[in-house]
Each structure stands twice: as C-alpha cells, then as structure tokens.
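Visitor: Handing you this structure, nothing more for now.
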Amino acid sequence: MKAIFSTSAVHPRDRFDYWHSVACKEIIGHDSVPENRATFQAEIKASNFGNLDLVEFNNSPMQVAHTLAHVGRTSPDTVFLCYQLSGKIFIVQNAREVNLDAGSLTLLEPRLPYDARFSRDSKTLVIKAPRRELRARIGGCQDLIGRRVSTERADDDLALSVAAKLPLLAGRITSLMEEMVGNHVLDLIGLSIARTTGSATARVSNPKALLLGQIRAVVEARLTDPNLDGQKVADTVGISVRYANAILAEQDLSLHRLILSRRLSHCRVAFEDPDQMHRTIAEIAQGWGFSDMTHFGRCFKAAYGASPREYQKSAAQSRQDGRL
C-alpha cells in the first residue's frame, strides 16, 4: 500500500480541510465534521489489487454525510466493501443501521446517501469492487446493504481473514496471482454477505442471492471434473436446473455458460503465467475439464479473439516487453 496523504506533514490549522479534499478524491465525495479540528489527524493509503481498488485510512473521530448531491457525482461502476481494521464506525444507509467494529464488514452502496460516525482510533479498509463483478456473484445489492458480516461463523471468518490480508499482499505478488486472489475474495465475501439474509432478525429476504453464490461456489470447486454439467451443479445446490438457469439469467448467464466461462478464464490465466510455460495447451485445457481440444480452441477464440496458441505466444511476448 502506498501512503498518499498524512496530516503529519500539514500545519494543524489546515489538516482537516486538506484531509477532506483528498478523501473526497480518493475515497468518495462527502461532507464531514471533525470532533476536534485542532487535534485532527488522518492518513490514507491506496493500491490496486487485481481488478479491485484498495483504500486504507485511519482518522480522528468525525461525522460524515454522503448526500444526494454527492451521489450525482459518484461513479456508478463500483460498490464498496467496508472492512473495519480497528476502532468503530456507525453507518446508516437504506433505512438500516450497522455498527462495524474491528474484524467486521458491510456492503456500502455509493449510489445512495449515507451517514457515518467514526470513533477514536478508527482504521478502515475500503475494497472498491466492480459492480458487475459483485452483481455476478450475489445479484442486485439493494437488499444486502447494511448487513454486518462478522467472524462468528467459520466460513465468514475465512472470508474476512483473507480480505484483511489484501493490504499486506498488494504489490508483493504477481498480477496474475492478484487477479486470482481478488476473484476468490469476492467469491468468499459475496457468499458471506448473501448468507446474512438468512438470519432470524433479517428484515428483508433475498434467497436468490444466496443461491447464486452457492451455484458459483459449486461450479468453481468442480471445474476440473470433465463430467461436470448443469444437472450436477443444480443437484448439489438442491434446486432444479430450470430454476438455477432462471437465477443466472438475471446475470445473462446459464449453468452451461458459467461453467464454460470459468474454465476458459482459468486457462487464460495459465497461458499468462510464466510458471506454467512448460505446460502444453492440451495439458492446461484438460486440467480445467476440457476433453475436446477442437471445441476448446473454438470456444477460447470466441471468448478472447485469438487461438490458444496465439494467445500463449502473445502473453510470452508481453512478458518479455514488461507488460505482464
């Protein structure tokens, strides 16, 4: 993570105003009021991680308002996963209240207003995720706003533990590994968020979001099985193929297309990975469940605009040129 701002280098009288201008640019537009301007301190770090943007910030106590005016100037392409590293935040959005303490996470919707109150010694990691990526995992986000994910369940603890490591890993692993880890983080967090709608105290039910996450998890776990098909996925989740395809249709997918696209994606990553240069195209394709090489080549070219061999050669050349 790269430090992009610290009040330690700014005169005390200017610290809060300077912080506010940088935070509006790097995090999100907002109005804010500090508990004490004279003693206000803050720091912002940022980094890219695969297709995710990470922003880590700590600050003195203050109140924040993301208003309708700010919403109109906010990018519609991202959603925020807010993970509390230390201290506390109290957030109100979409008629829900959520208290985040250290080790808990919530989904924040930048296209809706919200109010937040930061405690002393608050440190927060904001994972800016592409909206289309999270939507592909859990569907529409409206019903999932303001849900609190904590470490009470073992699988949620795993999701949060991996998310907490992202700042430590940023810039220290290969771009291919970042992409793979980033995708797995969204898979894990997506399932955890969707699962919160099943609590006894939930006011809104969104079973489709949970089923969508389960479908994607089953597909991802069994891609190497050449006999995997839509019926096996649906049977494992406990629903019919027709209903599974109806859920996926909202993401312009079907069971067949989901299985195929994830297999092709893993093959593409393997072709770009310098540590897998010794592997043949057939070995990689078969390793991810393809048994017909002609079919694989045709599908790969349709997805990425080049044959597997052409893509592999292009990736090798890009590595030599320093682009990968």
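Visitor: So which residues in the stretch 133-154 are touching a residue at least 40 places away in the same chain (Cβ under 8 Å) and in a helix (DSSP H, G or I), if there are any at all?
Guide: Residues satisfying the conditions are GLU133, LEU134, ARG135, ALA136, ARG137, ILE138, GLN142, ASP143, LEU144.
Visitor: Let me ask another. Given the residues ALA163, ALA209, which is the only one that is touching a strand residue (DSSP E or B) at 6+ places or on another chain (Cβ under 6 Å), in contact (Cβ under 8 Å) with a residue 24 or more places away in the chain, part of a helix (DSSP H, G or I) and open to solvent by less than 50 Å² (accessible area, probe 1.4 Å)?
Guide: Only one candidate passes the filter, namely ALA163.
Visitor: Report, by residue number, each residue of the stretch 238-262 that is open to solvent by 20 Å² or more (accessible area, probe 1.4 Å) and assigned to a helix (DSSP H, G or I).
Guide: Matches in the stretch 238-262: VAL241, ARG242, TYR243, ASN245, ALA246, ALA249, HIS256, ARG257, LEU260, SER261, ARG262.
Visitor: What tally of residues in the stretch 51-84 results from selecting those that are closer than 18 Å to ALA163 by Cα and surrounded by fewer than 16 Cβ atoms within 10 Å (Cβ to Cβ)?
Guide: 1
Visitor: A further question on this structure: Looking at the stretch 96-105, which of the residues that are touching a residue at least 40 places away in the same chain (Cβ under 8 Å) and assigned to a loop (DSSP other than H, G, I, E, B) is farthest from LEU144 (Cα to Cα)?
Guide: Among those residues, the one meeting the criterion is GLY103.
Visitor: I've got another one for you. Would you please list the contacts, defined by Cβ atoms under 7 Å and residues six or more apart or on different chains, that run from a residue in the stretch 33-44 that is more than 12 Å from ASP14 (Cβ to Cβ) to a residue that is aliphatic (A, V, I, L, M) and at pLDDT 95 or above?
Guide: Listed pairs, sorted by first residue: VAL33/MET62; PRO34/MET62; GLU35/MET62; ILE44/VAL55.
Visitor: Out of (1) part of a loop (DSSP other than H, G, I, E, B); (2) within 20 Å of the chain's Cα centre (by Cα); (3) of a type outside the set (A, V, I, L, M), the odd one out for THR196 is which?
Guide: All conditions are met except number (1).
Visitor: Next up: Identify the single condition in (1) surrounded by 15 or more Cβ atoms within 10 Å (Cβ to Cβ); (2) within 22 Å of VAL33 (Cβ to Cβ); (3) not acidic (Asp, Glu) that ASN99 does not satisfy, given that it satisfies every other one.
Guide: All conditions pass for ASN99, except number (1).
Visitor: Can you name the condition, by its number, that ASN48 falls short on among (1) open to solvent by 50 Å² or more (accessible area, probe 1.4 Å); (2) not in a strand (DSSP E or B)?
Guide: (2)
Visitor: Are any of the residues in the stretch 263-274 open to solvent by 40 Å² or more (accessible area, probe 1.4 Å), hydrophobic (A, V, I, L, M, F, W, C), under 27 Å from GLN231 (Cβ atoms) and free of Cβ contacts under 8 Å to residues at least 60 places away in the same chain?
Guide: No, that holds for no residue.
Visitor: Does the stretch 289-296 contain any residue that is of a type in the set (Ser, Thr, Tyr), part of a helix (DSSP H, G or I) and without any contact (Cβ under 8 Å) to a residue 60 or more places away in the chain?
Guide: For the stretch 289-296, residues of a type in the set (Ser, Thr, Tyr), part of a helix (DSSP H, G or I) and without any contact (Cβ under 8 Å) to a residue 60 or more places away in the chain: present.
Visitor: On to the next question. Determine which single condition ASP17 fails, assuming it passes every other condition in (1) farther than 25 Å from ALA102 by Cβ; (2) crowded, with 16+ Cβ neighbours inside 10 Å; (3) of a type in the set (D, E, K, R).
Guide: (2)
Visitor: With ARG96, ARG117 as the choices, which residue is at negative phi and at pLDDT 95 or above?
Guide: Unique residue meeting the criteria: ARG117.
Visitor: Would you confirm whether any residue within the stretch 33-44 is surrounded by fewer than 19 Cβ atoms within 10 Å (Cβ to Cβ) and under 21 Å from the mean Cα position of the chain (by Cα)?
Guide: No - not one qualifying residue is present in the stretch 33-44.
Visitor: On the basis of being within 30 Å of LYS313 (Cβ to Cβ) and either surrounded by fewer than 20 Cβ atoms within 10 Å (Cβ to Cβ) or in contact (Cβ under 8 Å) with a residue 12 or more places away in the chain (or both), does ASP225 make the cut?
Guide: Here the answer is yes, as ASP225 does meet what is asked.
Visitor: Among the residues of the stretch 106-132, what is the count of those that are part of a loop (DSSP other than H, G, I, E, B), open to solvent by 20 Å² or more (accessible area, probe 1.4 Å) and either free of Cβ contacts under 8 Å to residues at least 40 places away in the same chain or in contact with an Asp or Glu (Cβ under 7 Å, 6 or more places away or on another chain) (or both)?
Guide: Counting residues in the stretch 106-132 that are part of a loop (DSSP other than H, G, I, E, B), open to solvent by 20 Å² or more (accessible area, probe 1.4 Å) and either free of Cβ contacts under 8 Å to residues at least 40 places away in the same chain or in contact with an Asp or Glu (Cβ under 7 Å, 6 or more places away or on another chain) (or both) gives 0.
Visitor: Another one. In the stretch 269-296, what count of residues is obtained for those that are small (Gly, Ala, Ser) and under 30 Å from the mean Cα position of the chain (by Cα)?
Guide: Residues in the stretch 269-296 being small (Gly, Ala, Ser) and under 30 Å from the mean Cα position of the chain (by Cα): 4 in total.
The values are calculated or read from the model by the stated rules, or taken from the named source; none is laboratory data. All values derive from a computational prediction rather than experimental measurement. Note that each Cβ is placed from the backbone with ideal geometry, even for glycine, and that neighbours are counted across all protein chains shown. Please note that ligands, DNA and RNA were not included when accessible areas were found on the heavy atoms of the full protein model with its side chains. Shrake-Rupley method; radii C 1.70, N 1.55, O 1.52, S 1.80 Å.
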